[in-house]
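Q: This structure is in structure tokens; I'll ask about it shortly.
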């Protein structure tokens with residue numbers, strides 16, 4: 001089972017622990033400012049839960065540290081949180097799905113590293129647009145949309161922020177638009193709203209991100225402009 005029936009958008013502070021030890025273990029504290037570190041210390045632990053296994057024979061995992069998108073840094077997700085594949089040969093990549101983390105970036109990255117979470121995304125972009133992490137190779141299937149069919153045919157991009165506290169910076173929109181345009185150019189994905197989706201628009205989605213404050217008109221204009229500048 002690729003996506004837990006429990007919400008992956010709950011505050012997963014247990015991934016870091018009350019003292020932030022897990023974040024330190026995976027080397028993510030370097031990404032945190034003083035306010036983010038204070039939030040981790042103040043957050044309550046989460047209850048433990050059982051995690052379903054993944055059916056099927058073992059497959060080759062792609063865990064090399066190279067990135068598919070040059071501006072990104074490699075922060076690999078746990079091997080338990082994605083499906084190895086050989087896309088686009090195995091499955092076409094037809095969609096880009098836009099997400100909102102509802103967590104600070106270091107905690108989201110620590111969540112993807114936690115093998116009990118059964119969740120991941122290909123990319124995570126900071127609220128300032130200055131940091132992009134790649135957590136799953138594009139050829140592999142990240143578990144991000146709650147819909148297995150769409151997971152196999154999409155790239156998932158997380159954006160640092162909260163639906164009820166929307167602070168989408170111009171730099172974040174621009175960084176995300178260039179990434180999405182690059183993906184569209186690479187896999188011949190049409191730059192339109194039928195193929196660039198919010199998580200809420202994925203069939204059977206149980207989440208509302210990126211939320212009503214996400215400016216789709218602005219974002220799509222930026223993606224189209226960036227796409228025109230990319231030679232294929």
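The values are calculated or read from the model by the stated rules, or taken from the named source; none is laboratory data. All figures in this text were calculated on a predicted structure; none of them were measured in a lab. Cβ placement follows ideal geometry from the backbone for every residue including glycine, while neighbour counts extend to all protein chains displayed.
Q: When the stretch 92-130 is examined, which residues are found to be under 21 Å from residue 189 (Cα atoms) and surrounded by fewer than 17 Cβ atoms within 10 Å (Cβ to Cβ)?
A: 92
Q: So, one more: Do any residues in the stretch 193-209 that are at positive phi and free of Cβ contacts under 8 Å to residues at least 24 places away in the same chain have Cβ atoms under 7 Å from those of residues that are assigned to a loop (DSSP other than H, G, I, E, B) and buried (at least 18 other Cβ atoms within 10 Å of the Cβ), where the two are at least six apart or on different chains, and which pairs are they?
A: Nothing qualifies.
Q: Criterion first (within 20 Å of residue 219 (Cβ to Cβ), out of contact with any helix residue (DSSP H, G or I) (no Cβ under 6 Å at 6 or more places or on another chain) and touching a residue at least 12 places away in the same chain (Cβ under 8 Å)) does residue 155 satisfy it?
A: When the stated conditions are applied, residue 155 does not pass them.
Q: Ok, one more. Hey, could you check the stretch 170-181 for residues that are closer than 15 Å to residue 228 by Cβ and over 16 Å from the mean Cα position of the chain (by Cα) and say which is surrounded by the fewest Cβ atoms within 10 Å (Cβ to Cβ)?
A: It comes out as 174.
Q: Taking residue 205 as the residue in question, decide whether it is closer than 13 Å to residue 97 by Cβ and at pLDDT below 95.
A: So residue 205 passes the test.
Q: Residue 165 fails exactly one of the following numbered conditions: (1) closer than 24 Å to residue 212 by Cβ; (2) modelled with pLDDT of 95 or more. What is the number of that condition?
A: Of the numbered conditions (1) closer than 24 Å to residue 212 by Cβ; (2) modelled with pLDDT of 95 or more, the odd one out for residue 165 is (2).
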